[in-house]
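Read through the structure below, which is laid out as structure tokens, and then see the notes.
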Amino acid sequence: MESIIERISQHKFWQFHGGIHPPEQKLLTSGKPIRQLPLPKQLILPLQQHIGRQGDLLVEVGDKVLKGQPLTQSSNPMAVPIHAPTSGIVSAIKKSVIAHPSGLSELCIFIDVDFEDAWQPRDICQDFTKLSQQQIIKKIADSGIAGMGGAGFPTHIKVNTKPEINFLIINAAECEPYITADDLLMCEQSEAIIDGIKILDQLLNPAFILIGIEDNKPKAIKALQHATKDIEKISVCVLPTKYPTGGEKQLIKILTGKEVKSGALPIHSGIVVQNVATCFAISDAVINDIPLIRRVVTLTGQALSKPQNVWVLLGTPVSHLLEQTGFASEISPVSTPPVSNPPVIMGGPLMGFNILNDLVPIVKTSNCILAPSKTEMPSAFDNSSNEVECIRCGQCAEVCPSQLLPQELQWSAKAKDHQQLTKLNLFDCIDCGACAYVCPSQIPLVQYYRVAKAEIRQQQQLDIKSEKAKVRFEARKLRLEKDKIAREEKHKKAAAARKATMNKKTAEGGSASSAVAAALARVKAKKKASDRTKSNDELPVSSSEVPEKMSGSEESDEKSQVKAAIARAKAKRLAKNNGTPEKKVTSSEEQKKIDELQVAHNEKANIAKEQTVSSKEKSKQESKQGNSTDDKKAKIAAAVAKAKAKAKAKKEKKEPLSASNKEEIKATTAGTDNKKARIAAAVAKAKAKAKAKKEQKKQEDLLQVASSEEKIPFKSSNEESE
Amino acid sequence: MNILIAILVLGLIAALFGAILGYASVRFHVEGDPIVEQLDALLPQTQCGQCGYPGCKPYAQAVANGEAINKCAPGGEDTIKKIADLLGVDVEPLDENHELNSSLGNGPTVAFIIEEDCIGCTKCIQACPVDAILGAAKQMHTILIDECTGCDLCVAPCPVDCIEMRPIPETIQNWQWDLNKIAVKQVD
């Protein structure tokens, strides 16, 4: 630590590996002051102008907005709001081309400028030293400040850190050719910048503040030295010009000799780096309550007749800027499709990208619009690549500021060997383009790396997605299996319950007090008994039974005899218990009802009988064909059906009874309401009838079910497997 | 005598190593078949069943048991290459029967339910291997784009043909540099 300070005070700095010295071309614009431009007619504000997430919209189409009014807000800390750069009316919120090499469209707010430039009420802070840290951070966050050096990292996150800060480094290197925006800003606004640095000092309380500036900006150096002469903590470090000194890790290396590890952030070594333009924006926001709505942009290149630095409102389309600076080929790039379009580059010549549409708006991170002439930058006009094979000269490795192996990377990138690329630390590449600049084979090395980086990121996303899909698939499989087991158990339980109720019913049916069943059984028993006394040739079944049986064989006769015996036994038992329920019945009305019900039930029971008998018949016929087991099964089924019919009949009788009982009670309490009672009785009767009908249907269904019971388990298992 | 000693020494050494190997085989016994897990990790996990197996894991199991490695259509040649590398076999071209015959090209797609046509039959929900369809009986269904693997399995069961496969829209987040494309792209 001591030695670092000593070296800094002696202005002996370290060196980073590699680097290049491209022609600076800064004189085009460095001598001229920053110009104010007339307001454009329309502003296009992309919702997202930084790394992170976009905020939620606060305005609607047709809203009138004032200068400085927030247009988005967010609860997410990584989201940064945007503000109206001037007053006007929101004319549209739609997708539009944004400043991105892909030329893709993103959601943008269109503001029709009303040329009044009316501010929203501002709260100017005279003395920022009285503000608390949280207040300052909130102001910075609300003002939508994101790193203006290029990456656009939300500033309020960078300055809201817990660990102790040794060095606050202000990046004023501006190492890329052509760009002089920060240079001019330092010359003209050095006081404001120093105010911004003081605010950062208050927030971070670093041990030292170092302003790193390249020696090709003598005016800016003088201005800064003048502004900081009373502040001991701040030292202006004049560095030799070399590209890319302005890289975050490179600047740290030069100033402190420390190297930030691969994958680590400077904050882990107690260092925070901020751009000068960001410092200016911070002072504007905290002191003047001006959110980030404008920035200095260098408009340069020999294709412009009046290259100059200008104050640009965010959202100004590039076409407006080109108009104002006299774009040489008087025809704008839009109207000349057949001729090779004069290229317009956003950003510097080494790290910038061609913009495909001059409606692209200026955003928080755009610092330069470069319109080169053909003699100045022939490669920008020539779309065909002059790339030849790598001759393994190794110059790229010599200039790489991240000490990577560019040619190895290139081969792996061409082979799409992502593993090898990661092994070669591709993600430490800062896209500076020094390798491509020195390559004698004109291989666009940095482009290969950009592609590879995007591919690897995409692959990582796919991997995450496939992992998620796998988890979901397995969870689903588990769930289905559980469901299946649960269903099987339910089936088993239901079957068991069915069996239990069946047994119960037959048992009950034996001892049941159903007068209907008893009467039925009695009749049947009598008939059977009488039949038995007749000759064997005659049939033991009642006349209502299916005539097919009339021609039945001896075999069936024998069986029917056994049946008859069983029925007789049952009838006897029923007859025994017969009296009890009848005794319970007291009212004459109820008795009537019972009689009616009995009739209905008799009918029904008969029908049921018929059906059971017919099924019996069927099974018998089958048995004649030779299958005795089938016969047995059919019999069981028939028995089951019979038992069910009985149980149903019993149940039904009970239900209407209770209903009518209730009615009875009502009738007695009402006393005089005889009429009502009668109506109620009639209703109950009708209901009973309707129920009887329904039951009949149900019984038919049940019979069918009983006869196809063997099939059911198959079916259900089929359904499950589906 | 010398011969006897030699035999004895060699025999002892053999016994010693045998004991070590025997111990190691017990001590470092590997449960399950790690190759299946590795294969499963290479597969795209779309669970689409285009390989003829009900999901990626069953196919991984089958490949481990000697099934052809070229049946994964969503994985394409990359996956075949990786499997070939892992198993040390030759790379085979993608099985013709399993080639994607999608008119949308080979770009990733997601299912999309035309919601006004949906009758809420839940058939697609039952078909989705990753539970990426939200809905209930007689309610409109919709696809969770982030969970959809683009496996296509929900398209066939739909009785009203209201599901279609759509390419994933290109955004800044998933945009891929294409050097050739940039070179020929003209300003609008």
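Brief remarks on what is shown
- Cross-link pairs A:26/A:453; A:233/A:258; A:162/A:468; A:527/A:572; A:484/B:138; A:41/A:67 - those with Cα-Cα distance over 26 Å: A:26/A:453; A:162/A:468
- A protection proxy built from the mean count of other Cβ atoms within 10 Å ranks the segments A:49-58, A:428-437, A:149-158, most packed first, as A:428-437, A:149-158, A:49-58.
- FRET E, pair residue B:87, residue A:130, Förster distance 56 Å, beta-carbon r, rounded to 0.05: 0.20
- A helix-only calculation puts chain B at -11000 deg cm²/dmol for mean residue ellipticity at 222 nm, using -39500 (n - 2.57) for each DSSP H run of at least four residues, averaged over all residues.
- Protection proxy ranking of A:174-186, A:402-414, B:160-172, B:7-19 - average other beta-carbon atoms within 10 Å, highest first: A:174-186, A:402-414, B:160-172, B:7-19
- Radius ratio Rg over Rh of region B:34-98, counting only Cα atoms, Kirkwood formula for Rh: 0.90
- Between region A:182-250 and region A:440-465, the Cα center-to-center distance that results, in Å: 35 Å
- Legend: mean number of C-beta atoms from other chains within 10 angstrom of residue C-beta atoms, peptide A:450-463, equals 2.
- Cα centroid of region A:368-424 to Cα centroid of region B:8-43, whole Å: 48 Å
- Solvent-free Debye scattering, log10 I(q)/I(0), computed from the Cα coordinates of region A:250-312 at q = 0.13, 0.29 Å⁻¹: -0.63, -1.14
- Residue mean of other protein chain beta carbons inside 10 Å, B:138-151: 1
- Projecting label points 7 angstrom from Cα along Cα→Cβ for residue B:7 and residue A:442 puts them 8.1 nm apart.
- At R0 = 35 Å, FRET efficiency that the Cβ-Cβ distance of residue A:60 and residue A:219 yields, to 0.05: 0.15
- The value of relative contact order for region A:385-507, using C-alpha pairs under 8 Å at least six residues apart, is 23 percent.
- Loop-resident sites, region A:240-335, for GluC sites (Glu not before Pro), counting at most 12 other Cβ within 10 Å (DSSP): A:330
- Label point distance in nm, residue A:119-residue A:12, each placed 7 Å from Cα along Cα→Cβ: 5.0 nm
- As a calculated quantity, the FRET efficiency between residue A:73 and residue A:104 at R0 = 25 Å, using C-beta atoms, amounts to about 0.50.
- Expressed as a fraction of 2.2 N^0.38 Å, the value expected for a compact globular protein of N residues, the C-alpha radius of gyration of region A:385-507 is 2.24.
- Rg over Rh, two decimals, chain B (C-alpha only, Kirkwood Rh): 1.25
- Look at the stretch A:471-479: the mean tally of other chain Cβ atoms within 10 Å of its residues' Cβ atoms is 5.
- Relative frequency of Cα-Cα separations exceeding 16 Å in region A:41-134, percent: 60 percent
- Fraction of the pair-distance distribution of region B:109-167 above 14 Å, Cα-Cα pairs, percent: 42 percent
- Here each label is just a point 7 Å from Cα along the line to Cβ, and for residue A:504 and residue A:459 those points are 6.7 nm apart.
- In chain B, the longest principal axis of the Cα atoms and the axis of helix B:76-87 are about 10 degrees apart.
No value in this document is a laboratory result; all are computed from the given coordinates. Because the structure is a prediction, the values reported are computed rather than measured. Positions of Cβ are generated from backbone atoms using ideal geometry, with glycine treated the same way; all protein chains shown enter the neighbour counts.
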